[in-house]
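Enquirer: First, the structure itself, so that you have it in front of you.
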Amino acid sequence: MKISRNTSLKPYNTFGIDVTASRFISVTTLEDLKEVLRKNYSEDLFILGGGSNMLLTKDVEATVLHVNLKGKEIITETEDEVLVKFYAGESWHETVLFALENDWGGLENLSLIPGNTGTAPIQNIGAYGVELKDSFVSCEAIDIQTLELITFTKEACKFGYRDSIFKSEVKDKYIITSVTFGLTKRNHVLNTGYGAIEEALTNMGINSPSIKDVSSAVIKIRKQKLPDPKVLGNSGSFFKNPIVSTEELKQIQARYPEIPFYIISEDEVKIPAGWLIDKAGLKGYREGDAGVHQHQALVLVNYGSARGRDILHLAETIQSKIRNQFNIELHPEVNIF
Ligand code: EPU
């Protein structure tokens, strides 16, 4: 266990925002986590995982609890499938790579997503036609009050688009300590339907791709479009793609017939927020060190010394422009503190 005071959180959030935590505790074992919870039960805790989906706008007065539990283990396996458990502090991309090294299929489309494995279920991370829920079996989480370790099945997690029970009903009640996935050992189901993947595979000269090829294609696409947080601070998509009624879509189509959309239900569609922001002329727009990424307008970036509130101001500028031009409300995907 590592305890420090007045600690900069800059290395712990992918936006690279420099705020201070008055007290910072990092735990690597379940025993240490329990001990911290036992001693601090009455205190406000600020739970930190990989820091890849947050915007910090002020210093943190609460005790920051950095959940850094490491390890992985096979739970069961047959000839076809393996159930494998990863502890919360394992980096997400390392989890994907570990699966690929063992030729286990299911996670390849989710390659190179920043963040930790334990926080991935909270927003049901997704990319290129696949979501975490597709191979998720269960997760274990500790009740912050009672220290009881509970298993959440897939059904119990109530996964939705960038959503789960951990964002609503049981928000701030549990800390996820491990996640178990069901991965294929043979007859892998490839998800190459997402346009950009097919194109990348063709460019790579691959006709019958393996799961490693799909991962390589995804990595190639992400590297072209999405900034590496180690080089340019960011939190991936800043906003969720808005869901609007087909009626609203028709009204926008009258002015912008080329607008892309994905059908969600009979009367709802999802519109790429990146397209809206781009169309509003804001791709590459900058307010000091806070900017809209040049290659993917849905990603806000920190060019160096942006403060959380600078990014927030930029986000508000974008929201207001999109509201005026399209009559659509954009909602942040990242958690703002
Ligand atoms: N587009 C533009 N201009 C832009 C960005 C996008 O016109 O600047 C258009 C694209 O041409 C395309 C459409 O918008 O027609 C969708 O773009 P893209 O495929 O890049 O995906 P997205 O909807 O912007 C979502 C996820 C990403 C995920 C990609 C790929 C959300 C909020 N974001 O982005 O997730 O990687 O799909 O599956 O759902 C993340 O959550 O942090 C993230 C990066």
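The values are calculated or read from the model by the stated rules, or taken from the named source; none is laboratory data. Model, not experiment: these values are computed from the prediction. Quick reminder, even Gly has a Cβ in these numbers, built from the backbone with ideal geometry, and neighbours come from all protein chains shown. Calculation scope for accessible area: heavy atoms of the full protein, side chains included, ligands and nucleic acids excluded. Shrake-Rupley method; radii C 1.70, N 1.55, O 1.52, S 1.80 Å.
Enquirer: Residues of the range 195-247 being closer than 20 Å to PHE261 by Cα and surrounded by fewer than 18 Cβ atoms within 10 Å (Cβ to Cβ), which ones?
Expert: The answer is GLY195, ALA196, GLU198, GLU199, LYS225, ILE243, SER245, THR246, GLU247.
Enquirer: Please determine, by comparing only the residues of the range 286-304 that are in contact (Cβ under 8 Å) with a residue 24 or more places away in the chain and open to solvent by 50 Å² or more (accessible area, probe 1.4 Å), which one is nearest to GLN224 (Cα to Cα).
Expert: So the residue we want is HIS295.
Enquirer: Can you name the condition, by its number, that ILE259 falls short on among (1) under 24 Å from the mean Cα position of the chain (by Cα); (2) surrounded by fewer than 17 Cβ atoms within 10 Å (Cβ to Cβ); (3) hydrophobic (A, V, I, L, M, F, W, C)?
Expert: Among (1) under 24 Å from the mean Cα position of the chain (by Cα); (2) surrounded by fewer than 17 Cβ atoms within 10 Å (Cβ to Cβ); (3) hydrophobic (A, V, I, L, M, F, W, C), ILE259 violates only (1).
Enquirer: Could you count how many residues in the range 62-113 are not basic (Lys, Arg) and not in a loop (DSSP other than H, G, I, E, B)?
Expert: 32
Enquirer: Which residue is nearest to LEU201 (Cα to Cα), if the candidates are limited to the range 224-235 and must be within 12 Å of the ligand (Cβ to nearest atom) and modelled with pLDDT under 95?
Expert: My answer is GLN224.
Enquirer: Here is a further query. With the structure loaded, tell me whether GLY288 is on the phi > 0 side of the Ramachandran plot, touching a helix residue (DSSP H, G or I) at 6+ places or on another chain (Cβ under 9 Å) and more than 12 Å from the ligand (Cβ to nearest atom) or whether it fails that test.
Expert: It is true that GLY288 is on the phi > 0 side of the Ramachandran plot, touching a helix residue (DSSP H, G or I) at 6+ places or on another chain (Cβ under 9 Å) and more than 12 Å from the ligand (Cβ to nearest atom).
Conditions (1) touching a Phe, Trp or Tyr at 6+ places or on another chain (Cβ under 7 Å); (2) at pLDDT 95 or above; (3) surrounded by fewer than 17 Cβ atoms within 10 Å (Cβ to Cβ), marked per residue:
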| site | (1), (2), (3) |
| --- | --- |
| SER8 | no, yes, yes |
| PHE15 | no, yes, no |
| ALA21 | no, yes, no |
| SER26 | no, yes, no |
| LYS39 | no, no, yes |
| LEU83 | no, yes, yes |
| ALA88 | no, yes, no |
| GLY106 | yes, yes, no |
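Enquirer: Another question about this same structure. Looking only at the range 148-185, count every residue that is open to solvent by less than 20 Å² (accessible area, probe 1.4 Å), touching a residue at least 60 places away in the same chain (Cβ under 8 Å) and under 17 Å from LEU132 (Cα atoms) and tell me the total.
Expert: Count: 8.
Enquirer: What single numbered condition from (1) within 23 Å of PRO229 (Cβ to Cβ); (2) crowded, with 24+ Cβ neighbours inside 10 Å fails to hold for CYS139?
Expert: (1)
Enquirer: Moving on to the next point. Quick one: count up the residues across the range 267-285 that are more than 18 Å from the chain's Cα centre (by Cα) and either more than 9 Å from the ligand (Cβ to nearest atom) or of a type in the set (A, V, I, L, M) (or both).
Expert: Result for the range 267-285: 11.
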